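Structure, as structure tokens:
Laboratory data are not the source of any read-out in this text; all were calculated from the coordinates shown. Predicted model, so just to flag it, every value in this text is computed and none were measured. Ideal geometry is used to build each Cβ from the backbone, glycine not excepted, and the neighbour counts take in all protein chains shown.
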Amino acid sequence: MKIAICDDEIEICRQIKEFIERLEAGCPIALYASGEELLAAADSFDIIFLDIQMGGMDGIAAAREIRRRNADVVLIFITGIREAVFEAFDVSAFHYLLKPVNEEKFGEVFRRAEAAVRRRRGQAPLVVRTGGRSLALDRRDILYLESRGPQEDSRAEGGCG
């Protein structure tokens, strides 16, 4: 999974990078200080964290161009201005986080973004029913899987389970 962080405040870039590294060590992360710099990069990304207020091209304008190039990239705005949230909908933003960024909330949003990227790639978790409960397993963690005996459906007839 390739990630970009675009913010003209270097401390915010570093903070977001540290959050990501704590959640997903070894993930390639590119840092950019402007929308122009991000758009000039030859790379394509799975997730982009993007500030809205930056010198030069603002984050909304950069997001429009990113969307034109790649409709599937997960865009997450990280900004200090609440008023631009409605503009974020116009570029199909995945989420909108306000500065200062809360690490716990960031983690929730990041995990959901990761799951969205995996679903898009066909890497959704494998859901296994066992003992009357469902377990979601990361396919990368499965070495061997075996099923024994008949499958019983514990749902009542006519249920929507």
Residues of segment 10-27 classified as under 19 Å from residue 109 (Cβ atoms) and in a loop (DSSP other than H, G, I, E, B), total: 3
Pair list, Cβ < 7 Å and 6+ apart or interchain, from segment 58-70 residues that are of a type outside the set (A, V, I, L, M) to residues that are part of a helix (DSSP H, G or I): 58/35; 59/35; 65/39
Single match in 4, 71, 42 (criterion: under 15 Å from the mean Cα position of the chain (by Cα), of a type in the set (A, V, I, L, M, F, W, C), on the phi < 0 side of the Ramachandran plot and loosely packed, with under 12 Cβ neighbours inside 10 Å): 71
Pairs with Cβ under 8 Å, 6+ apart, first in segment 6-18 and over 13 Å from residue 100 (Cβ atoms) and without any contact (Cβ under 8 Å) to a residue 40 or more places away in the chain, second aromatic (Phe, Trp, Tyr) and in a helix (DSSP H, G or I): none
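Against the definition (touching a Gly at 6+ places or on another chain (Cβ under 9 Å) and surrounded by fewer than 20 Cβ atoms within 10 Å (Cβ to Cβ)), how does residue 84 come out, yes or no?
yes
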Condition check for residue 110: farther than 21 Å from residue 9 by Cα, of a type in the set (A, V, I, L, M, F, W, C) and out of contact with any Gly (no Cβ under 6 Å at 6 or more places or on another chain): no
Residue in segment 60-70 that is of a type outside the set (Val, Ile, Thr) and under 18 Å from residue 109 (Cα atoms) present: no
When residues of segment 91-125 are limited to those that are more than 14 Å from the chain's Cα centre (by Cα) and touching a residue at least 24 places away in the same chain (Cβ under 8 Å), the one surrounded by the most Cβ atoms within 10 Å (Cβ to Cβ): 91
Long-range neighbours under 7 Å by Cβ, at least six apart or interchain, first residue among the aromatic types (Phe, Trp, Tyr) within segment 21-49, second assigned to a helix (DSSP H, G or I): 32/38; 49/16
